[in-house]
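Readers should treat all values here as calculations from the given coordinates under stated rules, not as data from a laboratory. No experiment lies behind these values; they were computed from the predicted model shown. Here the Cβ positions follow ideal geometry from the backbone for every residue, glycine too, while neighbour counts run over all protein chains shown.
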Amino acid sequence: MANPLKALNEHFLYNHKVASALQQLLHPSDRRLISIWFDKLLEMNKSVEEMIIRSDYMWFILLMMQSRKIREPFTRLPPTNMQPLKKFVPLHIYEEVLIANEPNMVYISPKKSEESLKSKEKTVSVATSYESFNY
């Protein structure tokens, strides 16, 4: 069984790397501010609670950055004591970010998933038989 703390940390670090790449697309002043947020989040590794909070923040910042627009409250310096994301981000901002990312979301219904899997199996089968031909 995987270590949940290790998985949580790896998830955070992965999102941090992706967000750091997207950070380069931001306006320089936004880029500096987000760097300060990243530094603050990287420090939050003293307890499981801190790690969960930082992971939620990083996920949200990553979503926000995909639209290349920094929204409040990330337009100002991070607070000293970080509270859970749902207590920090106003509901209308949370909804705005989720709606802005709607086209990027992937929804898989069980039926479509099965059809996709069958299609991939046929493609692999055809490719395998095609490769067996000698020219």
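Things worth noting here:
- Residue order, fewest to most beta carbons within 10 Å, for Arg32, Arg71: Arg32, Arg71
- Cβ crowding within 10 Å, taken as a proxy for footprinting-reagent exposure, orders Ser20, Ser55, Ser29 from fewest neighbours to most as Ser29, Ser20, Ser55.
- Relative intensity, log₁₀ I(q)/I(0), of the range 18-91 from a Debye sum that treats every alpha carbon as a point, q = 0.20, 0.22, 0.26 Å⁻¹: -0.82, -1.00, -1.37
- Applying the Kirkwood pairwise sum to the alpha-carbon positions of the range 3-59 produces a hydrodynamic radius of 11.7 angstrom.
- Listed peptides 57-64, 4-11, 93-100 by packing density, highest first (mean Cβ within 10 Å): 57-64, 93-100, 4-11
- The Cβ shell under 14 Å around Asp39 holds other residues with a net charge of +3, Lys and Arg each +1, Asp and Glu each -1.
- With a simple spin-label model that places each label point 7 Å from the Cα along the Cα-to-Cβ direction, the separation between Leu91 and Gln66 comes to 2.4 nm.
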